[in-house]
Amino acid sequence: MSIKEKIDENKLPEHIAVIMDGNGRWAKGKGKFRIFGHQNGVRSVRDTAEACAELGVKYLTLYAFSTENWNRPKVEVMALMELLVSTIKKETPTLMKNNIKLSTIGNILDLPPKCIDELTSAIEETKNNTRMTLVLALSYSSKWDITEAVKKIALQVKNNTISVDQISDELIAANLSTAGMPNPELMIRTSGEHRISNFLLWELAYSEFYFTDKLWPDFTKDDLYHAIVAFQNRERRFGKTSEQIKGA
Ligand code: IPE
Ligand code: IPE
Ligand code: MG
């Protein structure tokens, strides 16, 4: 039985989030520059997106560039931005073919104008696609997102649009850049690092975490299937007891 056949199609996560990590180490291991790792990571992005769409996952969020990543050497940041532009340009026809909608979270206005243009046109072109939404987290950090949400809510209180008592879990969620999306049931991080790195702090409150030592450019469809099978074998209790869950 292949790993893919072990997936229960009735228990699929609706939303998978991925911290794509280890590109630099992958390249270094081959005696190459870090950007070579980023370039090869594109293949894993394509495979993961394709596998998720084929299975029927509705949302895939990929952490592609964090707020903190701006602190990397300028040449790496520039190379990553160029790779982003060329990848979006190249992959938009595949998104169309596979009926995948592109979306972003993060401070997109921080990106170079060329990236903003390329993203805007890909988002526009794919906006009516319905099979899956591919969300790229770009210049994203969860603390930034939560801070922006707090500012928006504070302004609504100041303008008397809402009262303090109306601030709720739902209102906060509705003011995050992930508004309207279900929370990821499964979060995958590659490269053996066991941390969240400022990713979706609010949205991952009850997600199942899956860590693999595989470096991102080596991550395949089968690796994704392994993560989903592991997820499906977990008991999600949400504060309740195991007996309550089994009895439900
Ligand atoms: C992840 O790989 C890609 C980005 C953060 C843009 P890294 O570039 O972090 O690779 P390592 O962790 O240094 O190996
Ligand atoms: C997290 O990876 C950000 C992305 C994958 C885009 P990093 O490699 O930047 O994370 P840290 O800094 O090692 O935690
Ligand atoms: Mg890293």
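The values are calculated or read from the model by the stated rules, or taken from the named source; none is laboratory data. Owing to the predicted nature of the structure, the values given are computational and were not obtained by experimental measurement. In this analysis, Cβ positions are derived from the backbone assuming ideal geometry, glycine residues included, and neighbour counts consider all displayed protein chains. SASA here: full protein model, heavy atoms, side chains in, ligands and nucleic acids out. Shrake-Rupley method; radii C 1.70, N 1.55, O 1.52, S 1.80 Å.
Pull up the cross-link candidates among the aspartates and glutamates for Lys30, meaning alpha carbon to alpha carbon under 13 Å and not fewer than 8 places away within one chain. Filter leaves Asp218.
The smallest convex shape that holds all Cα atoms of region 161-248, its convex hull, gives 153 Å³ per residue.
How much of the accessible area of region 142-243, probe 1.4 Å, is carbon plus sulfur, in whole percent?
Roughly 53 percent of what the probe reaches on region 142-243 is carbon or sulfur.
Summary of the geometry: region 11-30 and region 101-177, compared by the centres of their Cα atoms, lie 23 Å apart.
Given their separation in residues at 0.36 nm each and the Cα-Cα distance between them, Val77 and Lys6 gain 21.6 nm when the chain is fully extended. Positive end of the dipole of the chain (Cβ unit charges, origin at the Cα centre): among Thr61, Val85, Tyr225, the Cα lying farthest that way belongs to Val85. Checked against a 25 Å cut-off, the cross-linked pairs Lys58/Lys97; Lys74/Lys143; Lys4/Lys240; Lys4/Lys90 give Cα-Cα distances beyond that limit for Lys4/Lys240; Lys4/Lys90.
Only Cα pairs under 8 Å and 6+ residues apart enter the sum, and on that basis the relative contact order of region 9-72 stands at 45 percent.
Accessible area per residue was computed with a 1.4 Å probe on protein heavy atoms; Ser139 scores about 0 Å².
Rg of the Cα atoms in region 142-200, relative to 2.2 N^0.38 Å, amounts to 1.41. Please give the net charge around Glu76, taking every other residue with its beta carbon less than 12 angstrom from that of Glu76, where Lys and Arg add +1 and Asp and Glu add -1. In short, +2. Other residues whose C-beta falls under 15 angstrom from the C-beta of Lys114 contribute a net charge of -2, scoring Lys and Arg +1 and Asp and Glu -1.
Cross-link partners for Lys28 among the lysines, with Cα-Cα distance under 18 Å and sequence neighbours closer than 8 places in the same chain left out: Lys214.
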